[in-house]
Every structure is written in C-alpha cells, then in structure tokens.
Amino acid sequence: MTLRYDEGTAAGGGGGTLGTVALVWGVGGFTLLLAFAVWRLAQLAAASLAFDWHAAHWALFAGNLLFMAWVEGYRGFQQSYSPRLAARAHHLYRHATALQTLLAPLVCMGFLHAPRRRVISAFALTAGVVAIVLVYRALPQPWRGILDAGVVVGLLWGLVATLLHVGRSLREGPSVD
C-alpha cells in the first residue's frame, strides 16, 4: 500500500476516533522510543564527564556534536525521515484500519504497509543502528560518552523535527507522498 495525500481532502479533516487513536499511538510510540533512547544515552554521556578530558576528547566532542547535528538531526531526520513519518501519520489519521491502529508506530516508521523499497530501507536503517550500538558499547569511557552525546543531539533534533512535521502535516497536509 502506497500512502498518498489526496489533494481533494482538507488537510485538517479528521479520521474519527480510530484515526485519532492511530495518530496518537503512532507518533506517541515513536516519540517514546526516541525519548527513551535519549534518556539512556544522555546518562552515558554524562558519565563520561567523570573522566579527565584532554584536548583530543574536547575536539572529538565538539566535532561529533556538529557532525551528528548535521547528519543525523538535519539531514537524516528533518530533511528525510520526519516528513515521511508525518505523511504516514497523517494517512493513518484519515484512513486507519483497526490493524493499522494497533501497529501504528510500525506503520509510521515504514516497517509495515509501505512500498517494498521503504520497508527494506527501514529494516536496513534499523540494522545499521544496531551495528553502531554494538560498536559503541565496546568503546571505553570517555570515548563512548563523547560519541553518545552526539547521538543525543541528533535524536533530540529528530524528535523536535518530527513533532513539527506532524503538526504541519495535520494543518496543511503532508509535504511528501
């Protein structure tokens, strides 16, 4: 099923109770997932401050924050992932079935009821994130915390971008198919 915005419908028109539940559960589930990751990683980043940082640590910290803000936050979430998630949430709001409502976070994230290419890319992205997490876990502090701080910045940017895109999508209609 390809999700497409129907130009003939009002952007803010509701989908009834089922659509509202699907929207809240889909976006809320994704938001909780990101918020939990931010909370856990922020603790690891904060723990790295107990170590003595030298110039190399501070240089990596600054460079990593900027890099992750740009790559993960701006390019990854704001320009790519968040508009698609918002379009999918908007579609659920207007046309959700009971099964889609039950699985709304997975639908919003592109794991279900999406074109084959999108499903493959969702699973590939997830596999890539898992691989990076495994590599990060093997790093000693303070290096792990320094890198986790960049991920926290990227995820927070992504969380805000996603919520803004969802709000705009509900007001004006999705910005992507």
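For this structure, a couple of remarks:
- For the stretch 41-177, the Cβ-based charge dipole about the Cα centre amounts to some 520 debye (Lys, Arg positive; Asp, Glu negative; other atoms uncharged).
- The long axis of helix 82-95 is offset from the longest Cα principal axis of the chain by roughly 30 degrees.
- Here the Kirkwood formula puts the hydrodynamic radius of the stretch 26-177 at 16.4 Å, using every distinct Cα pair.
- For the chain, the mean residue ellipticity at 222 nm estimated from helices alone is -23500 deg cm²/dmol, where every DSSP H run of n ≥ 4 contributes -39500 (n - 2.57) and the total is divided by all residues, rounded to the nearest 500.
- Debye-formula intensities of the stretch 14-53, expressed as log10 I(q)/I(0) at q = 0.14, 0.31, 0.34 Å⁻¹, are -0.49, -0.91, -0.98 (one equal scatterer per alpha-carbon, no solvent).
- With protein chains left intact and a 1.4 Å probe, residues in the chain average 55 Å² of accessible area per residue.
- Computed over every Cα-Cα pair of the stretch 31-114 and binned at 10 Å starting from 0, the pair-distance distribution P(r) comes out as 15, 33, 27, 16, 8, 1 percent.
- Taking the chain as a Gaussian network of alpha-carbon nodes connected by springs under 10 Å, the highest mean-square fluctuation of the residues L155, L99, L112 belongs to L99.
- Rounded percent of accessible protein surface that carbon and sulfur make up, the stretch 31-146, 1.4 Å probe: 72 percent
- Angle in degrees between helix 16-47 and the longest Cα principal axis of the chain, rounded to the nearest 10: 0 degrees
- On Cα atoms only, tilt of 116-138 relative to the major axis of the chain in degrees: 20 degrees
- Cα coordinate range in the stretch 82-133, projected on the principal axes (Å, largest first): 36, 21, 20
- Per-residue extension of 0.36 nm, minus the Cα-Cα distance of T17 and A56, leaves a gain of 8.6 nm for this segment.
- GNM on the chain, alpha-carbon springs under 10 angstrom: the most fluctuating residue among A37, A122, A56 is A56.
- Listed values for the stretch 98-112 are Karplus-derived 3J(HN,Hα) couplings in whole Hz (6.51 cos²θ - 1.76 cosθ + 1.60, θ = phi - 60°), namely 4, 5, 5, 5, 4, 9, 3, x, 5, 5, 4, 7, x, 7, 9, and x replaces Gly and Pro.
The values are calculated or read from the model by the stated rules, or taken from the named source; none is laboratory data. As the structure is a computational prediction, the values presented were derived from the model and not from experiment. No Cβ is skipped: glycine too gets one built from the backbone with ideal geometry, and neighbour counts run over all protein chains shown. Protein only, heavy atoms only, side chains kept; ligands, DNA and RNA dropped before computing areas. Shrake-Rupley method; radii C 1.70, N 1.55, O 1.52, S 1.80 Å.
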